[in-house]
Amino acid sequence: MRDVAVVGIGMTKFGEIWEKSFRDLYVEAALAAIDDAGVDHLDSMVIGCMTSGLFVGQEHLGSLMADYLGQKQLAASRVESACASGGLAFRTAFLEIASAASDIVMAGGVEKMTDISGDGATYALAAAADQEYEVFHGATFPGLYALMAVAHMNKYGTTRDMLSAVAVKNHHNGSMNPYAQYPFKVTMDQVAKSVKVADPLNILDCSPITDGAAAVILTTVEIAKKLGKPIIKIIGSGHATDAIALHSRDDLTTLKATTVAAEKAFKMAGKTIKDIDFAEVHDCFTIAELMVMESLGLYTPGKAGQAVLNGETALDGKFPINTSGGLKSKGHPVGATGVAQVVEVVKQLRGEAENGRQLKSNPKVGMTQNMGGSGGSTLVHIMEVA
Amino acid sequence: MFPSRIWRESKHRYRLEAGKCKKCGKIVFPYRLICPECGHREFENINLPDTGKLVTYTVIRVAPSQFTDQAPYAVGIAELANGVRLLAQIADCEIEKLKVGMDIRIEFRRIQTDGHHGVLSYGYKFVPKWY
């Protein structure tokens, strides 16, 4: 396998972007990444998008976006793994370069979620769950994570405060991110008293409905050197799946796909969790961040909540998590999320994170964990300053 | 919802039919073509027991459009006596009395309606044993 680096990053502001279309969002992020990398062409493009068919009635994205990006006859495709579609696009691009099939590849992600009603968005997102045996019975996405939260609280004594602390931390970080949808701080009390969605999860435990896109340019380390950009090498990539339906899993308090994807990424990188300086993880709901921390092996099961309360994952903690604000504060345009996580890790490794959220610890190794549905798929990537 | 899609699942939803692997004994619900434990492809048709214990639950307060008139409603995962788990709504319950480990039985109920002129969907719901 050839060594692969990320040499360009770009993203749109996340939020309710009424004035920009689905295609405009993607092209804006893609052009920003091309400009940042300084490349004069692409060999191919992989786009992560969960369900543009349900959100805007548009499929066939590879061709549409290549055309609007002015890339005639480009080899372009779309990949899907629910909310992990962006992470899958990144892995696909990585493998294409590592295998010497292409030299310069764009991995992008996009979702336009506010062109339909809230009911419509709930329906579209539920397409990532088991339609016949979960959604049919009235389960919603917050509902599925709530089922895991209750199981986790019952088994380990996880508390309301532990969930709230995740939201407070991520909004604090997001308040310093100019690309965030909700760049404001929240208090423990506000989270605990916010509107109930699916007990025990409140609205401030949930990531929002978001429009947005992100894109990165990957190439070989040799070409990266010629471009003169900081070289952020991809040293580990892992991908795993699990049963979509929660009732088909043995244990509701852990995320098996995350554990296995991380093990694969660590093995490829020749590293363990102890060698990682910080991570962007899939906090679609506050309980998800706690379960991911435990499933990655960062904390033993049941111990993540107290660690967040202790500030161990804050910007100045020993293992900062979601310096971007995470999905909670930055926003969660589902197909774009996995790529936006890479954008943040690259910014931190380059020392370019805005408005005082740059880690002072001079990080060298960062990690992303991007999850589909209620944990039915996971992509983990490890990046290092070369 | 197209009638064939509902009819196709009726043996599971109406009669709780499941498959028991003829090689390793693993019970799959709903029916599958290959055993996820041992890879065997022959199953014996069995019926699931109609009682179990609640493994976890939630109260859905923001519901999708087919269920808005039912909200708030409880949804849970139960483990049946033979170890099979399934997800369903918890009907006829006092929300604040729900707890992990409580006994439930399975009843045949209406699940959702597809508008005023559409198909009525039936299936199973959990009912707490205190009733």
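The values are calculated or read from the model by the stated rules, or taken from the named source; none is laboratory data. The structure presented is a predicted model; accordingly, all values stated were derived computationally and were not measured. Ideal geometry is used to build each Cβ from the backbone, glycine not excepted, and the neighbour counts take in all protein chains shown. Note: areas computed on protein heavy atoms with side chains; ligands, DNA, RNA excluded. Shrake-Rupley method; radii C 1.70, N 1.55, O 1.52, S 1.80 Å.
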Report summary line: Rounded to one decimal in Å, the inverse mean reciprocal Cα-Cα distance for the stretch A:227-386, i.e. its Kirkwood radius, is 15.6 Å
Query raised in the report: Local charge sum around residue A:265 (other residues, Cβ-Cβ under 11 Å, Lys/Arg +1, Asp/Glu -1)?
Result: +3
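Taking every eigenvalue of the Cα gyration tensor of the stretch A:64-120, multiplying by 5 and rooting it, what semi-axes result, largest first, whole Å?
26, 16, 7
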Report summary line: On the accessible surface of the stretch B:40-131, probed at 1.4 Å with all protein chains in place, carbon and sulfur together account for a percent value of 46 percent
Requested in this report: Name the helices (complete DSSP H segments) of chain A with a Cα length along the long axis of 24 Å or more and a Kyte-Doolittle mean of at least 0.0, or state none.
Outcome: A:334-350
Requested in this report: Give the long-range amide H neighbours of residue A:78: residues separated by 5 or more places, or on another chain, with amide H under 5 Å away, using H modelled in the peptide plane at 1.01 Å from N.
Outcome: A:47, A:62
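Translational D (Stokes-Einstein, µm²/s) of the stretch A:100-219 at 37 °C and 0.692 mPa s when Rh comes from the Kirkwood sum over C-alpha pairs?
195 µm²/s
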Query - From phi via Karplus (6.51, -1.76, 1.60), per-residue ³J(HN,Hα) for the stretch A:186-194 in Hz, x at Gly/Pro - result: 10, 9, 4, 5, 4, 5, 5, 9, 6
Query - Size of the stretch A:289-355 as Cα extents on the principal axes (Å, biggest first) - result: 31, 26, 19
Query raised in the report: In the stretch A:93-247, what percent of the accessible surface is made up of carbon and sulfur (1.4 Å probe, ligands and nucleic acids excluded)?
Result: 58 percent
Report summary line: Given a 1.4 Å probe, the accessible area of the protein assembly as shown per residue, as a whole number of Å², is 38 Å²
**Report entry** Per-residue HN-Hα couplings for the stretch A:11-18 [Karplus 6.51, -1.76, 1.60; θ = phi - 60°; Hz; x = Gly/Pro]
**Finding:** 7, 8, 5, 8, x, 8, 9, 4
Query raised in the report: What does the charge add up to near residue A:126, with Lys and Arg as +1, Asp and Glu as -1, over the other residues with Cβ less than 14 Å from its Cβ?
Result: -4
Query raised in the report: Share of Cα-Cα pairs in the stretch B:49-102 beyond 16 Å, in percent?
Result: 41 percent
Query raised in the report: Near residue A:229, which lysines are there with a Cα under 20 Å away, not counting those fewer than 8 places off in the same chain?
Result: A:347, A:364
Requested in this report: Report the accessible area of residue A:31, computed with a 1.4 Å probe over the heavy atoms of all protein chains in place, in Å² rounded to the nearest 10.
Outcome: 80 Å²
Report summary line: Residues whose built amide H sits under 5 Å from the amide H of residue A:211, excluding neighbours closer than 5 in sequence, are A:15, A:16, A:17, A:113
Report task. Using Cα pairs closer than 8 Å and at least 6 residues apart in sequence, work out the relative contact order for the stretch A:233-318, in percent. Result -> 26 percent
Query raised in the report: Where does the stretch A:1-110 land on Rg/Rh, using Cα atoms and the Kirkwood Rh?
Result: 0.95
Report summary line: Which of A:264/B:20; A:193/A:303; A:196/B:125; A:193/A:330 exceed 28 Å between C-alpha atoms? The answer is A:264/B:20
Query raised in the report: Which of the lysines could a cross-linker bridge to residue B:129, judged by Cα under 18 Å and excluding same-chain residues fewer than eight apart?
Result: B:53, B:97, B:99
Report summary line: Phi-derived 3J(HN,Hα) across the stretch A:367-379 with the Karplus relation (6.51, -1.76, 1.60, θ = phi - 60°), rounded Hz, x for Gly and Pro, is 9, 10, 9, 10, 10, x, x, 8, x, x, 8, 8, 10
Requested in this report: Name every cysteine in chain B that ends up alone, with no second cysteine's Cβ under 4.7 Å, or say none.
Outcome: B:93
**Report entry** Scattering profile of the stretch B:38-131 at q = 0.16, 0.25 Å⁻¹ [log10 I(q)/I(0), Debye over alpha-carbon scatterers]
**Finding:** -0.72, -1.29
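Just to confirm a number: summing +1 for Lys and Arg and -1 for Asp and Glu over residues other than residue B:50 whose beta-carbon lies under 9 angstrom from that of residue B:50, what do you get?
0
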Query raised in the report: Given chain A reduced to its alpha-carbon atoms as identical point scatterers, what log10 I(q)/I(0) does the Debye formula return at q = 0.07 Å⁻¹?
Result: -0.26
Requested in this report: Restricting things to alpha carbons, tell me how big the stretch A:58-168 is in terms of Rg and Dmax, in Å.
Outcome: 19.1, 57
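Identify the GluC sites (Glu not before Pro) of the stretch B:63-131 meeting these criteria: DSSP loop state and at most 10 other C-beta atoms within 10 Å of the C-beta.
Loop-located and lightly packed - B:94.
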